[in-house]
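Have a look at the structure below before the remarks.
The values are calculated or read from the model by the stated rules, or taken from the named source; none is laboratory data. The model shown is predicted, which means the values in this text are computed figures rather than measured ones. Cβ: placed from backbone, ideal geometry, glycine included. Neighbour counts: every protein chain shown. Surface accessibility is based on the protein's heavy atoms, side chains included, excluding ligands, DNA and RNA. Shrake-Rupley method; radii C 1.70, N 1.55, O 1.52, S 1.80 Å.
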Amino acid sequence: MSAASRRQRWLRRASVGARALALVALAALGGCGSVVRVAYNNGDFALRMVANDYFDLSAEQARLFDARFARLHEWHRREELPRYAAALEDAAGRVARGVTAEDVAWAIGTVRARYRALVARAIDEALPLVAALTPDNLAALERKLESGNRRYAAEYLSADAAANERARADSIAGRFEEWLGRISAEQRRLIAAYVQAQPRHLALRFEDRTARQRELVRTLGARDDPALVRERLRALLLDYESRRADEYARSSAEWQQRLAGLVVGIAASATRDQRDHAAGRLRRYAADFVALAAEGKAGGDQLAVGSESACTADCPPSFQITRFCARSRASSASTSARTPSIVGFSARARRRCSSAFRSSPSRR
């Protein structure tokens with residue numbers, strides 16, 4: 001198998017759902033000790049790549065994005081990372097002694113609380129950038145969303161129901177293997193049964209997804225009224241459960257209950273090595289978040305650019321992407337090359353990093 005094929009296979013299997021902080025999610029795929037810190041400290045660059053991919057930002061919009069994200073990043077480092085670290089240490093202890101239904105409920109509640117805190121703050125910081133959006137930006141967003149929907153439908157909603165189930169089961173199995181290592185045949189059977197129990201759920205989720213996307217575009221179109229935009233974004237992103245259609249609300253409640261049962265079932269069948277693998281990974285992330293909370297941006301930039309030697313050939317592509325972009329940030333700063341929408345980076349750096357992040361697991 002070629003290096004490119006291995007990379008694509010790794011990327012397919014390593015898909016994760018968390019997108020709240022795109023770079024933290026990307027970093028969490030890694031196996032190198034400094035990946036989380038490298039990724040987090042380059043969050044401004046990487047999330048600008050993401051924002052540009054969706055909105056095709058102008059040079060002035062990119063500068064505004066940098067300024068607003070710097071405020072959000074500083075708040076998140078100071079206020080949220082210590083909470084993440086404490087939660088991860090707690091989770092490691094729960095995993096080590098055996099996961100119960102109460103532990104799953106605690107984890108869901110913890111993730112939701114942190115999601116709400118982050119999104120509420122991000123909405124307020126994003127309002128000046130939303131006010132600067134143009135019809136061309138919204139058209140770029142619609143094209144990007146439509147492209148993503150076509151990929152989603154092709155992978156999970158094709159006419160071949162058996163293929164849809166296999167794709168979903170493989171995706172879920174890959175997420176468990178990120179934390180447990182290789183899973184057993186019995187654990188895979190539990191996942192397959194979970195997927196088969198609600199064949200209509202993904203179609204309902206897709207309908208909800210596209211409806212929320214249309215509402216998002218309409219909300220951003222009201223950019224001349226910041227108070228209205230803020231109210232609508234909070235309703236869309238924080239009160240989303242109350243806005244679901246009745247059938248999807250019922251299906252989601254059932255799905256969440258069965259997902260909790262699946263996690264408990266997988267945990268009950270986990271070997272000591274699997275539990276140790278998951279607990280160790282959680283503790284490593286907790287240590288990274290403690291370190292990140294304590295360090296400033298200047299130290300982070302130095303780490304990001306100077307950490308190349310810390311990575312070996314065994315590191316996954318997510319770190320290679322971050323590492324390249326960190327080098328591109330440093331090298332392009334000394335050149336006069338600029339792009340219309342990404343200030344401070346060469347055209348070559350923009351093309352390669354944008355392509356890398358588009359194909360990375362966190363973008364799926």
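Summary table below
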item	result
The stretch 189-279, dipole about Cα centre (Lys/Arg Cβ +1, Asp/Glu Cβ -1), debye to the nearest 20	140 debye
Gain on full stretching of the segment that runs from Glu60 to Tyr115 - 0.36 nm per residue minus C-alpha separation	16.9 nm
Dipole axis of the stretch 151-299 (+1 Lys, Arg; -1 Asp, Glu on Cβ), positive-most option in Leu190, Ala173, Ala235	Ala173
³J(HN,Hα) computed for each position of the stretch 264-270 - Karplus, 6.51 cos²θ - 1.76 cosθ + 1.60, integer Hz, glycine/proline x	5, x, 4, 5, 5, 8, 5
Cα-centred dipole magnitude for the stretch 191-238, charges only on beta-carbon of K, R (+1) and D, E (-1), debye, nearest 20	80 debye
HN-Hα J in Hz across the stretch 251-261 - Karplus 6.51, -1.76, 1.60, θ = phi - 60°, x for Gly and Pro	5, 5, 4, 5, 4, 5, 5, 6, 4, 4, x
Residues in the stretch 247-279 that a label on Ala185 would reach, taking backbone N under 19 Å of a point 7 Å out along Cα→Cβ	266, 269-271
Carbon plus sulfur fraction of accessible area for the stretch 60-106, probe 1.4 Å, in percent	57 percent
Span from the the stretch 246-276 Cα centroid across to the the stretch 62-105 one, whole angstrom	21 Å
Derived scalar couplings ³J(HN,Hα) [the stretch 49-63; Karplus, 6.51 cos²θ - 1.76 cosθ + 1.60; whole Hz; x for Gly, Pro]	4, 5, 4, 5, 4, 8, 10, 6, 5, 7, 4, 5, 5, 5, 5
